[in-house]
Amino acid sequence: MVSSGDMAGKAATLSDVARHAGVSIATASKALNDRGDVAAATKARVVAAAAELAFTPNAMARGLLAGRTGTVGLLTSDLEGRFMIPILMGAEDAFGAGRINVFLCDARGDAFREQHHLKELLSRRVDGIIVVGRQTDPRPSLGQDIPVPVVYAYAPSDDPRDLSLTPDNYAGGRLAIEHLLSCGRRRIAHISGEPSYAAAQDRLAGARSALAEAGLEFVGDPMLSEWTEHWGRDAGALLLQRHPDIDAVFCGSDQIARGVLDSARDLGRSVPDDLAVIGYDNWEVLATNARPELTSIDANLQQLGRQAAQRVFDAIDGVDIGEGSHHLPVRLVIRGSTIARR
């Protein structure tokens with residue numbers, strides 16, 4: 001522990017406050033800047049330590065001394081994509097209204113446009129950058145010469161030296177199958193989107209793993225083609241005609257699942273009594289308006305955005321945020337397509 005007497009003659013640092021309070025530097029920073037999930041007792045301990053050491057966290061003064069601008073860049077490749085908005089909302093929540101200025105740039109999937117936006121952000125002297133991809137396939141790194149912290153969200157960097165945060169699609173596939181098994185389903189089929197997508201392959205691998213642990217395998221070959229409702233209808237109809245005894249379908253997206261629900265209804269199959277259907281993404285406008293409402297796997301994209309912003313904050317504060325690709329947990333949202341509502 002550091003005593004106030006030990007600090008005589010020199011200014012206390014954030015590291016001193018963290019040691020005095022018995023917490024990490026990242027936790028001390030969150031507590032003093034009112035960011036992140038810090039328990040009230042921990043926050044009080046950090047604030048008390050700061051007061052005892054005469055540490056005054058004047059954000060503007062520290063920013064000026066450190067050459068900070070109070071701005072962060074959000075660089076996306078697909079602003080209109082439906083996965084982007086919740087990630088950006090989560091990041092904005094973490095940045096806090098009016099406390100951090102955000103420059104949002106949309107490269108529209110164009111590498112040259114992305115480089116142009118990157119140069120513009122750096123010319124504005126942003127303190128950090130969050131790069132948000134359109135899918136969970138690895139994307140090219142911005143490189144190691146960027147003079148500010150960079151965190152990749154949703155689409156991981158192809159350079160293991162970068163820090164990337166992405167949903168755990170493998171765990172999501174397992175979670176979907178485990179739920180269907182817990183509902184007593186044993187003859188389960190799979191319909192998903194484009195096979196070249198990492199998301200499709202990761203969800204399939206996780207699902208197969210859970211089935212294998214139960215001594216089962218998919219009924220028929222997994223059917224992978226498009227991430228569309230139309231494909232769900234076509235594949236669902238073909239599947240139910242070829243294998244009328246299936247009792248569940250795990251769909252790789254909510255759009256596909258909506259199509260499967262349509263085909264089940266057309267073929268006289270009652271959901272969930274005869275057939276359970278589970279989707280992926282928890283796209284609420286689709287899931288809650290389906291008949292019946294659709295059980296789905298939620299990728300927790302807002303939380304992913306908040307985590308990415310928090311890692312940028314930590315890096316700005318001098319905390320080592322690590323490297324490599326980190327898979328964040330997903331969650332199951334149960335609705336009427338797998339368990340009947342009475």
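The values are calculated or read from the model by the stated rules, or taken from the named source; none is laboratory data. Remember, predicted model here, so these are calculated numbers, not experimental data. So basically every Cβ, Gly included, is an ideal-geometry build from the backbone, and we count neighbours across all protein chains shown. Ligands, DNA and RNA are excluded from the accessible area calculation, which covers all protein heavy atoms including side chains. Shrake-Rupley method; radii C 1.70, N 1.55, O 1.52, S 1.80 Å.
Residues in the stretch 36-48: is at least one farther than 30 Å from PHE103 by Cβ, over 34 Å from the mean Cα position of the chain (by Cα) and either at pLDDT 80 or above or open to solvent by 60 Å² or more (accessible area, probe 1.4 Å) (or both)?
Within the stretch 36-48 (the criterion being farther than 30 Å from PHE103 by Cβ, over 34 Å from the mean Cα position of the chain (by Cα) and either at pLDDT 80 or above or open to solvent by 60 Å² or more (accessible area, probe 1.4 Å) (or both)), the answer is yes, since at least one residue qualifies.
What residue, of ALA212, ALA235, ALA205, is at pLDDT 95 or above, touching a helix residue (DSSP H, G or I) at 6+ places or on another chain (Cβ under 7 Å), of a type in the set (A, V, I, L, M, F, W, C) and part of a helix (DSSP H, G or I)?
Details: ALA212 fails: touching a helix residue (DSSP H, G or I) at 6+ places or on another chain (Cβ under 7 Å); ALA235 fails: touching a helix residue (DSSP H, G or I) at 6+ places or on another chain (Cβ under 7 Å).
Answer to the check: ALA205.
I'd like to verify a number: residues in the stretch 289-312 that are in a helix (DSSP H, G or I) and either charged (D, E, K, R) or without any contact (Cβ under 8 Å) to a residue 40 or more places away in the chain (or both), how many? Quick ask: steps written out before the conclusion?
Of the stretch 289-312, the ones in a helix (DSSP H, G or I) are 301-312.
The next check asks that each one be either charged (D, E, K, R) or without any contact (Cβ under 8 Å) to a residue 40 or more places away in the chain (or both); those that pass are 306, 311.
Residues flagged as in a helix (DSSP H, G or I) and either charged (D, E, K, R) or without any contact (Cβ under 8 Å) to a residue 40 or more places away in the chain (or both) within the stretch 289-312 amount to 2.
Residues are listed down the side, and each one gets a yes or a no for (1) without any contact (Cβ under 8 Å) to a residue 40 or more places away in the chain; (2) more than 24 Å from VAL219 (Cβ to Cβ); (3) crowded, with 21+ Cβ neighbours inside 10 Å; (4) not aromatic (Phe, Trp, Tyr):
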| position | (1), (2), (3), (4) |
| --- | --- |
| ASP158 | yes, yes, no, yes |
| PRO167 | no, yes, yes, yes |
| ALA176 | no, no, yes, yes |
| SER182 | yes, no, no, yes |
| ARG187 | no, no, no, yes |
| ILE191 | no, no, yes, yes |
| TYR197 | no, no, no, no |
| LEU204 | no, no, yes, yes |
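State whether the residues of the stretch 55-73 include one that is open to solvent by less than 40 Å² (accessible area, probe 1.4 Å), modelled with pLDDT of 85 or more and either closer than 24 Å to THR166 by Cβ or out of contact with any Lys or Arg (no Cβ under 8 Å at 6 or more places or on another chain) (or both).
Yes; the residues of the stretch 55-73 include at least one that is open to solvent by less than 40 Å² (accessible area, probe 1.4 Å), modelled with pLDDT of 85 or more and either closer than 24 Å to THR166 by Cβ or out of contact with any Lys or Arg (no Cβ under 8 Å at 6 or more places or on another chain) (or both).
Among residues belonging to the stretch 254-271 that are farther than 22 Å from GLN135 by Cα and among the β-branched types (Val, Ile, Thr), point out the one that is most open to solvent (accessible area, probe 1.4 Å).
Ranking the candidates gives VAL271 first.
Can you pull out the residues in the stretch 272-287 that are open to solvent by 20 Å² or more (accessible area, probe 1.4 Å) and either in contact with an Asp or Glu (Cβ under 6 Å, 6 or more places away or on another chain) or among the charged types (D, E, K, R) (or both)?
To start, the set of residues in the stretch 272-287 that are open to solvent by 20 Å² or more (accessible area, probe 1.4 Å) comprises 273-274, 281, 283-286.
ASP273, ASP274, ASP281, TRP283, GLU284, LEU286 - these are the residues of the stretch 272-287 that are open to solvent by 20 Å² or more (accessible area, probe 1.4 Å) and either in contact with an Asp or Glu (Cβ under 6 Å, 6 or more places away or on another chain) or among the charged types (D, E, K, R) (or both).
Just to be sure I understand, how many residues within the stretch 288-321 are open to solvent by 40 Å² or more (accessible area, probe 1.4 Å) and of a type in the set (Gly, Ala, Ser)?
Final tally of qualifying residues: 1.
Among the numbered criteria (1) of a type in the set (Val, Ile, Thr); (2) under 30 Å from ALA309 (Cβ atoms); (3) out of contact with any strand residue (DSSP E or B) (no Cβ under 7 Å at 6 or more places or on another chain), which single criterion is violated by THR228?
(2)
When you scan the stretch 138-192, how many residues do you find that are of a type outside the set (A, V, I, L, M, F, W, C), part of a loop (DSSP other than H, G, I, E, B), under 30 Å from VAL260 (Cα atoms) and over 18 Å from the mean Cα position of the chain (by Cα)?
4
Report yes if GLY81 is touching a Lys or Arg at 6+ places or on another chain (Cβ under 8 Å), under 27 Å from ASP281 (Cα atoms) and either in a loop (DSSP other than H, G, I, E, B) or open to solvent by 20 Å² or more (accessible area, probe 1.4 Å) (or both), otherwise no.
Working: touching a Lys or Arg at 6+ places or on another chain (Cβ under 8 Å): yes; under 27 Å from ASP281 (Cα atoms): yes; either in a loop (DSSP other than H, G, I, E, B) or open to solvent by 20 Å² or more (accessible area, probe 1.4 Å) (or both): yes.
Answer is yes for this residue.
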